Every structure is written in C-alpha cells, then in structure tokens.
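J.: Quick one: the structure is below, questions incoming.
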Amino acid sequence: MKFGVVVFPGSNCDEDAFHAAKDVFGQDAEYLWHKDTALKGADVVILPGGFAHGDYLRTGAMARFSPIMGAVRGFAERGGPVLGICNGFQILLEAGLLPGAMLRNRGLKYRCEHVHLRVEQTDTPFTAAAVAGQVLRIPIGHGEGNYFAPADMLEAIERNRQVLLRYTDPHGKVDEAWNPNGSVNAVAGVCNEARNVVGMMPHPERACEALLGGVDGRAVFESVITTFRLADLRRAQVPA
C-alpha cells in the first residue's frame, strides 16, 4: 500500500511519518506538497505534525486553504483513510473534516512528554489492531492540544462513539491529573461519523521503534496496514 504524507510550509514531523511508513513498516510512501492538487495514488493520507504556515491566526487555519486539501476532502468523502497527527489533527478540525476545535493548553505551556492513552473504539482503520481498553504510551508535543466541543456536539460525539483515545493514568483510569492539556472529557483522538478520518494529538510515528523509547505507536500503523490488506483480500475474492 502507499502512504501519502502531506507537507505544509512549517511541517516538521513529515519525515518522521514517512520514515515510519517506509522504513519501519516497509510500505511505499510519497511526500505530497501542499500546493499539489492530487494524491498521487495514495491509499492512506497522513497530515503530520508541525506548525503549518507558522500557525499564524490559529493552528491549521491557513493550511485548510492549501490546494491539497481539496484532494484530501474528496478522498475522505470517498471513504479513504485519513490520519491527522497533532498539527494535522488541528488542520482537519479547521477544515471541518472532524468535529470540535483546539484551544491553548491548560496552563498555557507547551507540553512535550509521554502520555497514556486508553483505546476506546477499534472499528476504525487506525485502531483496528488495538484492543478496547488497551493503554498506549505515546509522546505528545504541542501548545494547543486542548480539545473542545460545545455540550451538544460533545454529547453527539460520545453517543456516536467518535472518541477513539482518552488521556488516562498508566492503568487506564481517567484522572484530570493525567490530562496534559485540559481536553474536555480527556479526549486525545476522535474520528468522523463515517469513521475513516481520524485525528489524534499524540505522535504514534515517534513511538514505532524501541530505540526511541517505545513501540506503542505501531498499533496505529499496523491497524491501517491490516485494514487495507483485508479489504484488498476481500476484493480479490469477489467473483468476476
């Protein structure tokens, strides 16, 4: 399968995502410049972390207008798997591809550390290889990761099982002391209603090799690779 890694001016985790897809998992991968208007045959699209366009105005507010986002939106509407990591998550929120918004971290400080995440749902392309209730240890690095949604929207998100990851203590218990940014309901990752577009603040691409301090991020990549292979197998079994 082929990963398309979108690069905006100011992206700084694009090489990490590319490395994870190509070198760690042995998949094809290609960079997609923000001025491109096509996805070059990508089977899965990653919007990586960083500071797209310097994060002026608001995080992701300018990147949503990049030409590539038209292709990303069309791909998502056709059911293609899209993953936004950190700044990529913020861009998906600004583009309206995911519900909610990001605020400055509680305490107004940049947080760079490992956090614990409880897997809430496994019926998405990026969580299918995980187990519900599983606790992952994955790093964060952000100043505006405080997820917010109005009460009615939050209620709908919870009802539709769109919260995929929550910040917890090491044992999987939600505790405000372990919520690094103040996110409402300890939300660390969500999906759209169709469940093919996922955004998460933690960086799974930075947790795919033991040398980097952990491998729990592999679950995200293994999920989408397995999902794609199973779909490909099902297509091959359909009689001509």
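J.: State whether one or more residues within region 81-93 are surrounded by fewer than 19 Cβ atoms within 10 Å (Cβ to Cβ) and on the phi < 0 side of the Ramachandran plot.
T.: No: zero hits.
J.: Mind listing whichever residues of region 58-75 are part of a helix (DSSP H, G or I), surrounded by fewer than 19 Cβ atoms within 10 Å (Cβ to Cβ) and either free of Cβ contacts under 8 Å to residues at least 12 places away in the same chain or in contact with a Ser or Thr (Cβ under 8 Å, 6 or more places away or on another chain) (or both)?
T.: 65, 70, 74
J.: Within region 197-228, can you find the residues that are outside any helix (DSSP H, G or I) and either surrounded by fewer than 22 Cβ atoms within 10 Å (Cβ to Cβ) or among the aliphatic types (A, V, I, L, M) (or both)?
T.: 197, 198, 200, 201, 207, 209, 213, 214, 215, 216 - these are the residues of region 197-228 that are outside any helix (DSSP H, G or I) and either surrounded by fewer than 22 Cβ atoms within 10 Å (Cβ to Cβ) or among the aliphatic types (A, V, I, L, M) (or both).
J.: Considering each of 207, 188 in turn, give the residue that is under 16 Å from the mean Cα position of the chain (by Cα), more than 28 Å from residue 73 (Cβ to Cβ) and among the hydrophobic types (A, V, I, L, M, F, W, C).
T.: Step by step, each of 207, 188 is checked, and only 207 is under 16 Å from the mean Cα position of the chain (by Cα), more than 28 Å from residue 73 (Cβ to Cβ) and among the hydrophobic types (A, V, I, L, M, F, W, C).
J.: Could you grab the pairs with beta carbons closer than 6 Å, sequence gap of 6+ or different chains, first residue in region 6-27 and among the aromatic types (Phe, Trp, Tyr), second one buried (at least 16 other Cβ atoms within 10 Å of the Cβ) and in a helix (DSSP H, G or I)?
T.: Correct list of pairs: 8/52; 8/63; 25/221.
J.: For region 43-64, which positions are within 16 Å of residue 13 (Cβ to Cβ) and not aliphatic (A, V, I, L, M)?
T.: Hits for region 43-64 are 48, 49, 50, 51, 53, 54, 55, 59, 60.
J.: What are the pairs, 6+ residues apart or on separate chains, where a residue within region 82-110 that is within 13 Å of residue 11 (Cβ to Cβ) has its Cβ under 8 Å from a residue that is surrounded by fewer than 22 Cβ atoms within 10 Å (Cβ to Cβ) and of a type in the set (Asp, Glu)?
T.: Filtered contacts from region 82-110: 87/55; 90/144.
J.: Residues in region 186-211 that are more than 26 Å from residue 174 (Cα to Cα) and without any contact (Cβ under 8 Å) to a residue 60 or more places away in the chain: how many?
T.: Within region 186-211, residues that are more than 26 Å from residue 174 (Cα to Cα) and without any contact (Cβ under 8 Å) to a residue 60 or more places away in the chain number 2.
J.: It is to be established whether one or more residues within region 76-85 are under 22 Å from residue 190 (Cβ atoms), modelled with pLDDT of 95 or more, assigned to a helix (DSSP H, G or I) and touching a Pro at 6+ places or on another chain (Cβ under 8 Å).
T.: Scanning region 76-85, I find no residue that is under 22 Å from residue 190 (Cβ atoms), modelled with pLDDT of 95 or more, assigned to a helix (DSSP H, G or I) and touching a Pro at 6+ places or on another chain (Cβ under 8 Å), so the answer is no.
J.: Which ranges mark the strands (runs of 3 or more DSSP E) fully within region 122-190 that have 1 or more residues being more than 27 Å from residue 54 (Cα to Cα) and among the aliphatic types (A, V, I, L, M)?
T.: Those strands (runs of 3 or more DSSP E) span 135-142, 163-168.
The values are calculated or read from the model by the stated rules, or taken from the named source; none is laboratory data. Not measured: the values here are computed from a predicted model. Every residue, glycine as well, gets a Cβ built from its backbone with ideal geometry; the counts of neighbours run over all protein chains shown.
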